[in-house]
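Heads up, the thing below is written out as C-alpha cells.
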Amino acid sequence: MLRRLPGRRRALDWVASYAAGLAAVEQDAHDLYFVDIRLGPESGLGLIREARRRGILKPMIVLTGFGSDEVDRAATEAGANDYLVKGEFDHALLERTIRYAERSARDLIELDRRLAESERATRELKIQTERRARAEAELSEVLRRIVDDQETERRRLARELHDSLGQSLTLLQLGLDAMARTLAGDGDIRREIASLRELSVRVSEDVNRLAWEIRPTALDDLGLQEAIRQVPAEWQSRCDLAFETHLALDRRLPPEVETTLYRVVQEAITNVVRHAGASRIGIILDGTPEEVRLIVEDDGRGFPSEEAAQAGAPSRRLGLLGIRERLSLVGGSLEIESKRGRGSTLFARVPLRSVPPRP
C-alpha cells in the first residue's frame with residue numbers, strides 16, 4: 001500500500017515490542033509511526049502516551065483489530081492522531097489517514113509552540129507585574145515617609161509659631177502697654193506706641209492663623225472632630241461661605257488617618273473657595289468599626305461628573321489628585337458627584353480594619 005501512494009518513496013522499519021518501539025521513537029529518525037494497539041502484554045496506547053509525555057510530537061496512527069467509538073476516544077486521549085482497522089482499509093484510505101495525521105501533528109506542533117510562547121509571555125508578564133507591584137509598594141512607602149516627614153515638620157513649625165513667636169508677641173504687647181502707661185503726658189509717643197501695639201496684634205493674629213493653617217494644635221491634642229469643628233470660624237473671616245457640619249465620630253482615629261482626612265477637608269474647601277462660587281458648604285464625618293466616612297459638599301457651579309478627575313483649572317485637578325494620593329496612602333478611596341449648576345460632593349472613605357485605633 002505504501003508503494004502505491006503518490007509522492008516520495010517511503011521506507012518502513014519494524015519493531016516487535018514496547019521497549020524496542022519506545023527506543024525507536026526516541027531516536028526521532030522517522031516521519032510517521034504506526035503503533036499496534038497491542039504489543040504483547042503491553043499497550044500501544046501506553047507507548048504513544050509515554051512518547052507524548054517525553055515531548056515527541058511526530059504523527060502516530062494506531063492499528064487495531066476492530067474499530068469503535070471507544071477505540072477512537074482512547075486513541076485520541078492517548079495522543080494518537082488517528083487510527084486504522086486492520087484488514088478494513090486500502091491504499092486510498094491509508095493515504096488520507098496519513099495526510100490527516102501529518103496535518104494534525106503539524107497543528108499540534110504549532111499549538112504546542114504557541115502554548116510555549118504563551119507560557120513564556122505569561123511568565124514574563126508575571127515577572128513584570130511583580131516588579132511593578134514592588135516598585136509601586138516602594139513608591140508608596142517613600143510617599144508615606146515624605147508625608148509623615150512633612151507633617152512632623154508642620155507640627156514643629158506650628159508649635160514654634162504658636163508657642164515661641166506667639167509668646168514673644170504677647171510680651172511685646174505687654175511691654176508696649178507698660179510704656180504707654182509711663183508716658184502719660186506725651187501724646188505723640190503714646191500714639192506711636194498705640195500704632196506699634198496694633199501692628200503687633202495684627203502680626204500675632206497672622207501668626208496664629210499661619211500656625212493653624214500649617215497644622216492646628218487641636219488635631220494633635222483633641223482629634224479630627226474638634227479640628228474640623230474649628231474650620232468654619234477660621235474660614236468665615238476670609239470668605240462668605242456658610243458652613244454646616246455634622247460630626248458624629250465617637251473615637252480617636254490612627255494619627256495618619258486623622259491627618260489625611262483633615263488635609264482632605266482643607267483641600268476640598270480651598271477648591272470650593274477658588275473655583276465653585278458657592279455660598280454654602282457642608283461637612284459630614286461619621287464612621288463604623290470598619291471604616292470612617294467624610295463628605296464635603298457645596299452648592300456651587302459644579303462640573304460634569306465624568307470630568308471629575310480632570311475638571312476645571314489645573315489647580316483643581318492638582319487638588320483632586322493630591323486628595324486621591326493622600327487617601328491611597330492609608331488605603332482610602334475618593335468618589336465625586338457633580339453636575340453643572342448643582343454643586344459637587346466628595347465622598348472619602350478609609351477602612352479601619354487593618355489600622356488599629358489610637359487610644
For region 1-51, the count of residues that are among the acidic types (Asp, Glu) and in contact with a Ser or Thr (Cβ under 9 Å, 6 or more places away or on another chain) equals 2
LEU57 being surrounded by 12 or more Cβ atoms within 10 Å (Cβ to Cβ), in a helix (DSSP H, G or I) and among the hydrophobic types (A, V, I, L, M, F, W, C):
no
Among residues of region 11-42, those that are of a type outside the set (Asp, Glu), open to solvent by 20 Å² or more (accessible area, probe 1.4 Å), closer than 16 Å to ASP72 by Cα and in contact with a helix residue (DSSP H, G or I) (Cβ under 8 Å, 6 or more places away or on another chain), counted
2
Within region 75-115, of all residues that are at pLDDT 90 or above and β-branched (Val, Ile, Thr), the one farthest from the chain's Cα centre (by Cα) is VAL85
Here are the criteria: (1) of a type outside the set (A, V, I, L, M); (2) open to solvent by less than 50 Å² (accessible area, probe 1.4 Å); (3) over 20 Å from the mean Cα position of the chain (by Cα); (4) at pLDDT below 90. Tell me which single one SER140 does not satisfy.
(3)
Would you say ARG238 is open to solvent by 60 Å² or more (accessible area, probe 1.4 Å), under 17 Å from VAL265 (Cβ atoms) and outside any helix (DSSP H, G or I)?
yes
Among the listed residues SER338, SER315, identify the single one that is among the polar types (S, T, N, Q), modelled with pLDDT of 75 or more and open to solvent by less than 70 Å² (accessible area, probe 1.4 Å).
SER338
I'd like to verify a number: residues in region 60-94 that are of a type outside the set (Phe, Trp, Tyr), under 19 Å from ARG3 (Cα atoms) and surrounded by fewer than 17 Cβ atoms within 10 Å (Cβ to Cβ), how many?
8
Regarding ARG4, is this residue surrounded by fewer than 13 Cβ atoms within 10 Å (Cβ to Cβ) and over 30 Å from ALA116 (Cα atoms)?
yes
Is it the case that region 276-295 has a residue that's part of a helix (DSSP H, G or I), free of Cβ contacts under 8 Å to residues at least 40 places away in the same chain and either in contact with a helix residue (DSSP H, G or I) (Cβ under 9 Å, 6 or more places away or on another chain) or closer than 23 Å to LEU327 by Cβ (or both)?
no
Within region 18-39, how many residues turn out to be touching a residue at least 24 places away in the same chain (Cβ under 8 Å) and either over 26 Å from VAL71 (Cβ atoms) or among the small types (Gly, Ala, Ser) (or both)?
2
Can you spot a residue in region 222-232 that is over 30 Å from GLU297 (Cβ atoms), without any contact (Cβ under 8 Å) to a residue 60 or more places away in the chain, β-branched (Val, Ile, Thr) and assigned to a helix (DSSP H, G or I)?
no
Give just the number: which of (1) free of Cβ contacts under 8 Å to residues at least 12 places away in the same chain; (2) of a type outside the set (D, E, K, R); (3) in contact with a helix residue (DSSP H, G or I) (Cβ under 9 Å, 6 or more places away or on another chain) does PRO6 not satisfy?
(1)
Just wondering, is there one or more residues in region 218-227 that are surrounded by 11 or more Cβ atoms within 10 Å (Cβ to Cβ), within 46 Å of the chain's Cα centre (by Cα), charged (D, E, K, R) and within 25 Å of GLY331 (Cα to Cα)?
yes
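The values are calculated or read from the model by the stated rules, or taken from the named source; none is laboratory data. Bear in mind that the values here come from a model prediction, so they are computed numbers and not experimental data. Using ideal geometry, Cβ is built from the backbone for each residue, glycine included, and neighbour counts are taken over all protein chains shown. These area figures cover heavy atoms from the full protein model, side chains too; ligands, DNA and RNA do not enter into them. Shrake-Rupley method; radii C 1.70, N 1.55, O 1.52, S 1.80 Å.
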